[in-house]
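Peer 1: Have a look at this one before I ask anything.
Just so it is clear, none of the values below were taken in a lab; they were calculated from the coordinates. Everything quoted here is computed from the prediction, not taken from an experiment.
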Amino acid sequence: MSAAVAIHNLTPSERHKSCWLGTPEIYFRKTIDNSRVVKVEDPRREREMRLFGITLFCLFLLVMGYALQHFRAIEYGYKIESLRSQRDGLAGMNQALRLEEASLRDPERIDAVARKMGLQSPDPGQVVRMDAATDLGTPVMASVTPVEVVSAR
């Protein structure tokens, strides 16, 4: 502790006085002219640098190819998920439409609506079902039925 107090009590000129009393360092400015220096080509070094550049380029292509595949796989995953959710939504809508179609095709509902409109029950043989299953493999004879045209005058 007493050494610290002794250094603290010194005058500024005594503090900066160096304890090294050897030769002072003196720097001289010397200009160097390198205009006459010629670089000697080293074919081995040039070949190594060319091979190194080609190797780096190939490594760059491999990394970019991997990155491209990776990002495309992620993108396709998102597309697949969006298409699956769209498919599920359409399947639900299809189910709802089938239920609505089944409820609209209900003969009792059709009969009740027809009676409200003032319609009467059809005579036997007057109704022809259009969605009846017919065998498409058997030949069908074509027939012409007479059509009666009634003018509105």
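Peer 1: How large is ³J(HN,Hα), in whole Hz, for each residue of region 69-76 in order, when computed from phi with the Karplus curve 6.51 cos²θ - 1.76 cosθ + 1.60 and θ = phi - 60°, using x for Gly and Pro?
Peer 2: Values, residue by residue: 5, 5, 5, 5, 4, 5, 4, 5 Hz.
Peer 1: In µm²/s, what is D for region 63-134 at 20 °C and 1.002 mPa s, where D = kT/(6 pi eta Rh) by Stokes-Einstein and Rh is the Kirkwood radius from Cα pairs?
Peer 2: Working: Rh = 17.4 Å.
Estimated diffusion coefficient is 123 µm²/s.
Peer 1: Also, quick follow-up: From the phi of every residue in region 80-87, what ³J(HN,Hα) in whole Hz does the Karplus formula 6.51 cos²θ - 1.76 cosθ + 1.60 yield, where θ is phi - 60° and glycine or proline is x?
Peer 2: Working through the residues one at a time gives 4, 5, 5, 5, 5, 5, 5, 4 Hz.
Peer 1: For region 121-128, what does the Karplus curve 6.51 cos²θ - 1.76 cosθ + 1.60, with θ = phi - 60°, yield as ³J(HN,Hα) per residue in whole Hz, taken in order and with x for Gly and Pro?
Peer 2: Once θ is set to phi - 60°, the couplings for region 121-128 become 5, x, 6, x, x, 7, 9, 10 Hz.
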